[in-house]
Amino acid sequence: MLAKIDAAATRAGRAPSDVRLLPVSKTVPQERLRLAVAAGCRELGENKVQEAKRKSEEMADLDLSWAVIGHLQTNKAKDVAAFANEFQALDSVRLAEALDRRLQMVGRGLDVYVQVNTSAEPQKSGLAPAEVPAFLEALPAFSALRVRGFMTLAEFSSDEARVRRCFRVLRDVRDRAVQDWPEVGELSMGMSGDYEIAIEEGATCVRVGQAIFGSRATPDSAYWPAG
Ligand SMILES: *Cc1c(COP(=O)(O)O)cnc(C)c1O
């Protein structure tokens with residue numbers, strides 16, 4: 001896995017150290033996660049806030065950083081504010097406001113990524129690329145949020161060109177945005193099936209679950225609407 005990340009980065013003329021591997025631990029029980037932590041894992045990504053919160057409590061004795069990477073309802077902002085270090089699916093001003101209010105109450109900050117719908121599939125979460133500039137304009141009002149960059153889920157397709165196109169759309173969104181907001185340079189894109197393509201297209205964070213922890217019994221439709 002690390003060798004493949006290195007090779008993909010090198011193919012793209014990038015430094016392997018510019019790519020962060022975020023292990024995604026949904027459905028993986030804490031007993032196995034503790035082994036990963038013993039082997040050096042320091043951060044975990046979870047799609048659902050309830051599961052993330054429960055695990056963060058179960059493993060509170062460990063020095064772990066938690067990333068919530070799935071769509072969040074405004075009424076769950078309080079939970080994310082309580083324990084998460086990072087939230088990668090910011091897609092509305094209402095949610096930004098709810099997160100900021102809860103974070104201010106507990107005196108915490110949160111790294112956030114703006115989720116972009118790069119495949120234009122109607123069932124996918126995220127802003128349309130054209131909506132991003134106005135959204136970024138609104139975010140400085142929420143001082144507990146540190147906007148780091150952008151996140152996307154590519155189209156699930158065996159056609160590599162279609163997958164690659166999604167990653168290029170996100171990179172293009174980022175390249176435009178950094179002209180006005182130099183701090184939003186991160187690109188979270190790529191999962192078990194497509195992380196090498198994502199790295200070739202500039203990913204600075206790949207979110208990888210099954211390629212690390214083995215395949216999941218829970219279908220993907222439990223996490224995002226099927227195409
Ligand atoms: C589960 C998940 C991943 C990782 O998917 P794998 O197929 O396990 O690599 C990446 N991003 C999000 C948003 C996820 O929910």
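The values are calculated or read from the model by the stated rules, or taken from the named source; none is laboratory data. Please read these numbers as outputs of a predicted model, since none were measured by experiment. When we count neighbours, we look across all protein chains shown, and the Cβ atoms used for this are built from the backbone with ideal geometry, even at glycine.
Listing for the model above:
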{"quantity": "Set Ala130, Ala138, Ala154: member being part of a loop (DSSP other than H, G, I, E, B), modelled with pLDDT of 95 or more and not acidic (Asp, Glu)", "calculated": "Ala154"}
{"quantity": "Unmet criterion (only one of (1) within 14 Å of the ligand (Cβ to nearest atom); (2) within 13 Å of the chain's Cα centre (by Cα)) for Asn85", "calculated": "(1)"}
{"quantity": "Residue count for segment 142-175, restricted to those that are more than 16 Å from the ligand (Cβ to nearest atom), in contact (Cβ under 8 Å) with a residue 24 or more places away in the chain and among the hydrophobic types (A, V, I, L, M, F, W, C)", "calculated": "6"}
{"quantity": "Where a residue in segment 1-14 is more than 9 Å from Glu200 (Cβ to Cβ) and its partner, wherever it lies, is in a loop (DSSP other than H, G, I, E, B), with Cβ under 7 Å and at least six apart", "calculated": "Ile5/Val19"}
{"quantity": "Residue, nearest to the ligand (Cβ to nearest atom), within segment 203-224, restricted to residues that are outside any loop (DSSP other than H, G, I, E, B) and farther than 16 Å from Pro23 by Cα", "calculated": "Asp220"}
{"quantity": "Lys76 vs. criteria within 16 Å of the ligand (Cβ to nearest atom) and farther than 27 Å from Arg171 by Cα", "calculated": "yes"}
{"quantity": "Criterion: under 26 Å from Gln73 (Cα atoms), of a type outside the set (Val, Ile, Thr) and touching a Ser or Thr at 6+ places or on another chain (Cβ under 9 Å) - qualifying residue of Leu153, Leu145", "calculated": "Leu153"}
{"quantity": "Given (1) in a helix (DSSP H, G or I); (2) buried (at least 22 other Cβ atoms within 10 Å of the Cβ), index of the condition Gln104 fails", "calculated": "(2)"}
{"quantity": "Meets criteria (without any contact (Cβ under 8 Å) to a residue 60 or more places away in the chain, among the aliphatic types (A, V, I, L, M) and either exposed (fewer than 14 other Cβ atoms within 10 Å of the Cβ) or more than 16 Å from the ligand (Cβ to nearest atom) (or both)) for Ala120", "calculated": "yes"}
{"quantity": "All positions within segment 179-194 that are within 13 Å of the ligand (Cβ to nearest atom), within 16 Å of Tyr113 (Cβ to Cβ) and not small (Gly, Ala, Ser)", "calculated": "Met189, Met191"}
{"quantity": "Listing of helices (runs of 4 or more DSSP H) fully contained in segment 10-87 that carry 2 or more residues being crowded, with 21+ Cβ neighbours inside 10 Å", "calculated": "49-58, 77-83"}
{"quantity": "Condition check for Leu127: within 16 Å of the ligand (Cβ to nearest atom) and in contact with a strand residue (DSSP E or B) (Cβ under 8 Å, 6 or more places away or on another chain)", "calculated": "yes"}
{"quantity": "Segment 88-117 - residue that is more than 23 Å from Ala177 (Cα to Cα) and aliphatic (A, V, I, L, M) and, of those, nearest to the ligand (Cβ to nearest atom)", "calculated": "Ala98"}
